Amino acid sequence: MSITPRRAALVAPLLLVATAFSGCGVADEQVRPGVAARVDGTDFSVSEVDDLTSGTCDYLDTTDNTLAYPRFTVRRLSLETLVRQEAAKHLLDDLDATLPDDYTKAVASLTETYAAAPADVAKAMREGDQARYFVAYAAAAVGNVLLREETGTEPADADKISARGNQAITTWIADHDVDLNPTFGLRLEDGTFKADDGLSVPVSTQARDASAVTAIDLSGATDATALQAALAKANASLPADQVCGTPSDPSTPSAPQG
C-alpha cells in the first residue's frame, strides 16, 4: 500500500521545537573542527548545516509567518534532520525498503514552491525540505515494513506507521556511533536529541544568548498559542540578527498550516 506522511509533518518542520530540546549536562562527543556530526563514519560539515540554517532563516525573514524562531534552534534542527536522514538511509537499506512514489512527486514540487524566492534561498530551502521529506517518507516506509513483520498483518493506520518508523530511526541512532560537535549545544540520549548548553563558558554573544533561553520549556507548547508565546519569550532575549523571521504578537496567533 502507499503510505503518504501528513503534509503538516513536511511543510511545517520547524514546529518540532515544540517537542525537542530539553535537558542539560556536558557533552562528551568530540569531532574534529569543521565537522558538525559523524554518523557511523559519514561526516556532515558545519558549513552544510549553516547553509541549511541560513536558507531557512532568509526564507522566514522574507515571508509572512506567524512564528519566529531563535536562530540557534533552527541550526540545531538542521543538524538533527541531517543525522536522522542518514539513519533513515541505513534503515531503508537494512530492511530492503523503498520510498513511495509520492516522495519523488513531493520533491519535484519544491522547485515551484520556492520559485519566487531568491536563487540561493530557494536552493537552501529545497535541500532542507528534501531532507525533511526523506525522513518523513522513510519513516513511513520503515514503519510499514516493521509493523507488517511484527503483527503479521498489513498496517493501515498512517500515524502508527510513521510513529513506528520514527522510533526505529531513533533506535538506530542510539545503537550506532553518532558524534555531535559540542558547539551546537546538543547531546544524544537514547537516540533522542537534547539541548546541552553545559559547555564550560559561553565565549560569544550568540552562545550566551543561547544559554540564556535554553531553560525556556517548549515541550508543553503543543498548540499554536502556547508555542507562539514561548517562542516570543525566547526571542525577546536575543538580538535581531539571531532571530529567524519577524516575531509576532503572541496574543493574535494563527494555527499552523497543514
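The values are calculated or read from the model by the stated rules, or taken from the named source; none is laboratory data. Please read these numbers as outputs of a predicted model, since none were measured by experiment. FYI the Cβ positions are ideal-geometry reconstructions off the backbone, even for glycines, and counts take in every protein chain you see. Calculation scope for accessible area: heavy atoms of the full protein, side chains included, ligands and nucleic acids excluded. Shrake-Rupley method; radii C 1.70, N 1.55, O 1.52, S 1.80 Å.
Accessible-area rank, largest first, for 187, 71: 71, 187, with all protein chains present and a 1.4 angstrom probe. Distance from the Cα centroid of segment 39-115 to that of segment 145-190 is 17 Å (rounded to whole angstrom). I need the Debye-formula profile for segment 97-171: one equal scatterer per C-alpha, no solvent, reported as log10 I(q)/I(0) at q = 0.22, 0.25 1/Å, two decimals. Each listed q corresponds, in turn, to -0.90, -1.04.
Computed with a 1.4 Å probe on the full set of protein chains, the accessible area for residue 189 sits at about 80 Å².
For residue 159, the accessible area of its heavy atoms, probed at 1.4 Å with every protein chain present, is near 80 square angstrom. Note on residue 60: accessible area is roughly 20 Å² with a 1.4 Å probe, heavy atoms of protein only. Ranked by the mean number of other Cβ atoms within 10 Å per residue, highest first, peptides 44-55, 110-121 order as 44-55, 110-121. Does anything in segment 86-105 have its amide N under 13 Å from the 7 Å Cα→Cβ label point of residue 40, and if so which residues? Counting only backbone N, you get 86-97.
Excluding ligands, DNA and RNA, the accessible surface per residue across segment 56-202 is 46 Å² with a 1.4 Å probe.
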